[in-house]
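A.B. asks: Encoded as structure tokens, here's the structure I'll be asking about.
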Amino acid sequence: MTHTFVDWRSLDEDDDDGWDQLRCLYAYFSPKEEVLYIGKAWSKTVYARWRRQAKEGFWDDLEHERRIFNHRVAVGTVALLAGKRLSHKLLCDIESLLIFEIGPWGNIQGRDQRIARPGLIVKCRGLSWTHKRRVFRDENAAPFRDRLEMGIARQ
């Protein structure tokens, strides 16, 4: 079982060092605190991922389809239990689980299906995480694994 914690904090100032953070998650929230998008910053900073050029279609659609012109950015720092290290795959799995469970408007890929990591538990902490759910468990994997072991899931 993999227990992970994501500590969320808002990036309120332009000079906040969170904009330069790598190996983390980030999220965009609407003025009504709807989670609009969840992403990961691994080899590019949160700032580089946030810039309009990185997701021009997303920003255009947000303004034209949803009429949202302001948003809040939060950075999520992943904390693991002692002896564990954050890999790119684990960060991808955490991001994927949150997207699959929450279904943010701007995350088109990953809302309908995902590769499971059996036993993954993600706990979102901090006042900047305003979604009603804080704990996410990868429970979808167990039934598939059980069916696979019984020889039922063959495609």
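The values are calculated or read from the model by the stated rules, or taken from the named source; none is laboratory data. These figures come from a predicted structure and were not determined experimentally. Positions of Cβ are generated from backbone atoms using ideal geometry, with glycine treated the same way; all protein chains shown enter the neighbour counts.
A.B. asks: What's the total number of residues in region 1-51 that are within 23 Å of Ile68 (Cα to Cα) and touching a strand residue (DSSP E or B) at 6+ places or on another chain (Cβ under 7 Å)?
C.D. replies: Here the count works out to 19.
A.B. asks: Ok, one more. So in region 43-74, with the set limited to residues that are small (Gly, Ala, Ser) and exposed (fewer than 13 other Cβ atoms within 10 Å of the Cβ), which one is nearest to Leu86 (Cα to Cα)?
C.D. replies: Here is the first cut: in region 43-74, the residues small (Gly, Ala, Ser) are 43, 48, 54, 57, 74.
Those still in the list that are exposed (fewer than 13 other Cβ atoms within 10 Å of the Cβ) too: 43, 57.
Values: Ser43: 14, Gly57: 30 Å.
Of everything passing the filter in region 43-74, Ser43 is nearest to Leu86 (Cα to Cα).
A.B. asks: I'd like the residue in region 12-41 that is part of a loop (DSSP other than H, G, I, E, B) and over 16 Å from the mean Cα position of the chain (by Cα) and, out of all such residues, is surrounded by the most Cβ atoms within 10 Å (Cβ to Cβ).
C.D. replies: Among residues in region 12-41 that are part of a loop (DSSP other than H, G, I, E, B) and over 16 Å from the mean Cα position of the chain (by Cα), the one surrounded by the most Cβ atoms within 10 Å (Cβ to Cβ) is Asp16.
A.B. asks: Moving to a separate point now. Taking the options Ala41, Ala82, Ala116, name whichever one is without any contact (Cβ under 8 Å) to a residue 40 or more places away in the chain, touching an Asp or Glu at 6+ places or on another chain (Cβ under 8 Å) and of a type in the set (A, V, I, L, M, F, W, C).
C.D. replies: Ala116
A.B. asks: Lys32 versus (1) at pLDDT 95 or above; (2) among the basic types (Lys, Arg); (3) out of contact with any Gly (no Cβ under 7 Å at 6 or more places or on another chain); (4) closer than 20 Å to Val135 by Cβ: which is the lone unmet condition?
C.D. replies: Every condition holds for Lys32 apart from (4).
A.B. asks: If you go through region 42-74, how many residues are under 14 Å from Trp19 (Cβ atoms) and either touching a His at 6+ places or on another chain (Cβ under 6 Å) or part of a loop (DSSP other than H, G, I, E, B) (or both)?
C.D. replies: Within region 42-74, residues that are under 14 Å from Trp19 (Cβ atoms) and either touching a His at 6+ places or on another chain (Cβ under 6 Å) or part of a loop (DSSP other than H, G, I, E, B) (or both) number 3.
Quick grid of which residues meet (1) in a loop (DSSP other than H, G, I, E, B); (2) surrounded by 19 or more Cβ atoms within 10 Å (Cβ to Cβ):
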| residue | (1), (2) |
| --- | --- |
| Gly76 | no, yes |
| Ala82 | yes, no |
| Leu90 | no, no |
| Glu95 | no, yes |
| Ile99 | no, yes |
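A.B. asks: Hey, another quick one. Could you grab me the full set of residues in region 101-111 that are over 14 Å from Ala27 (Cα atoms) and in a helix (DSSP H, G or I)?
C.D. replies: Hit for region 101-111 is Glu101, nothing else.
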